[in-house]
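Undergrad: Dropping a structure here in structure tokens format, bear with me for questions.
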Amino acid sequence: MNNAMNKVLKLLVLLPAVLFLVTGIRWLVAPAGVAPEFGVVLGHGVGLSSQVGDMSGFFLTLGICMLVALVTGRRTWYYPPVLLLSITALGRIVAWLFHDATLAVDLIAPEVVVSIILLVASRRLPDEA
């Protein structure tokens, strides 16, 4: 039973990791196609450079850390994506509360759910601390 649950948990980590990697690559090669998914209008010049650099870095870091955690079994690799996702969700809530942004529940919910999955995985899956 534990082995089956761990396999399911690994899959629940692997799927968003791959999605994050694909999203990061999309930001690098076709930002105009991915930006609308996040409600973003692409800038120009340095603004575009910041958008592509920041967003690709964010998503590629998420995916890479999650894959490294799965491959190495080291729990420390789960924590950077938990922090990134949790702080992003918090930032979205702050933007809604204080800056008149739309409450992006459709973006916040997956960030929170994946963070919880990663925290569970950090306790159940690692071979090493």
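Undergrad: Would you mind calculating the gained length between Thr61 and Val120 on full extension (0.36 nm times residue separation, minus the Cα-Cα distance), in nm to one decimal?
TA: Taking Thr61 through Val120 to full extension adds about 19.3 nm, to one decimal.
Undergrad: Add +1 for every Lys or Arg and -1 for every Asp or Glu among the other residues with Cβ under 14 Å from the Cβ of Leu103, and state the total.
TA: -2
Undergrad: Over the chain, calculate the relative contact order: mean separation of alpha carbon pairs under 8 Å at least 6 apart, over the residue count, as a percent.
TA: 30 percent
Undergrad: Looking at the P(r) of the range 69-114, how many percent of alpha-carbon pairs lie beyond 15 Å?
TA: Of all Cα-Cα distances in the range 69-114, 49 percent exceed 15 Å.
Undergrad: Tell me the net charge near Leu85. Cut-off is 14 Å between Cβ atoms, Leu85 excluded, with +1 for each Lys or Arg and -1 for each Asp or Glu.
TA: For residues surrounding Leu85, the net value is 0.
Undergrad: Can you give me the angle between helix 79-99 and the longest principal axis of the chain, using Cα atoms only, in degrees from 0 to 90, rounded to the nearest 10?
TA: Helix 79-99 sits at roughly 40 degrees to that axis.
Undergrad: Report the gain in length on full extension from Leu12 to Asp100: 0.36 nm times residue separation, minus Cα-Cα distance, nm rounded to one decimal.
TA: The span from Leu12 to Asp100 would gain 28.3 nm if fully extended.
Undergrad: Can you list residues whose amide H is under 5 Å from Gly43's amide H, if they're 5+ apart or on another chain and H is modeled 1.01 Å from N?
TA: The answer is Leu48.
Undergrad: Now for a different question. Under 15 Å from the Cβ of Val94, count the other residues' Cβ atoms, weight Lys and Arg +1, Asp and Glu -1, and hand me the total.
TA: Its environment carries a net charge of -1.
Undergrad: From the C-alpha gyration tensor of the chain, pull out the three semi-axes of the equivalent ellipsoid (sqrt of 5λ each), sorted largest to smallest, in whole Å.
TA: 29, 17, 12
Undergrad: I would also like to ask the following. Quickly work out the Ala32-to-Leu19 label distance, labels modelled 7 Å from Cα along the C-beta direction, and quote it in nm with one decimal.
TA: Placing both labels 7 Å along Cα→Cβ, they lie 2.7 nm apart.
Undergrad: Modelling each spin label as a point 7 Å along the Cα-to-Cβ direction, I'd like the Ala4/Val40 distance in nm, to one decimal.
TA: 4.1 nm
Undergrad: Mind checking the dipole of the chain: about its Cα centre, +1 per Lys or Arg Cβ, -1 per Asp or Glu Cβ, Debye to the nearest 20?
TA: 460 debye
Read the figures in this text as sums done on the coordinates, not as results from a lab. Note that the structure is a prediction, hence the values are computed from the model and not measured. Quick reminder, even Gly has a Cβ in these numbers, built from the backbone with ideal geometry, and neighbours come from all protein chains shown.
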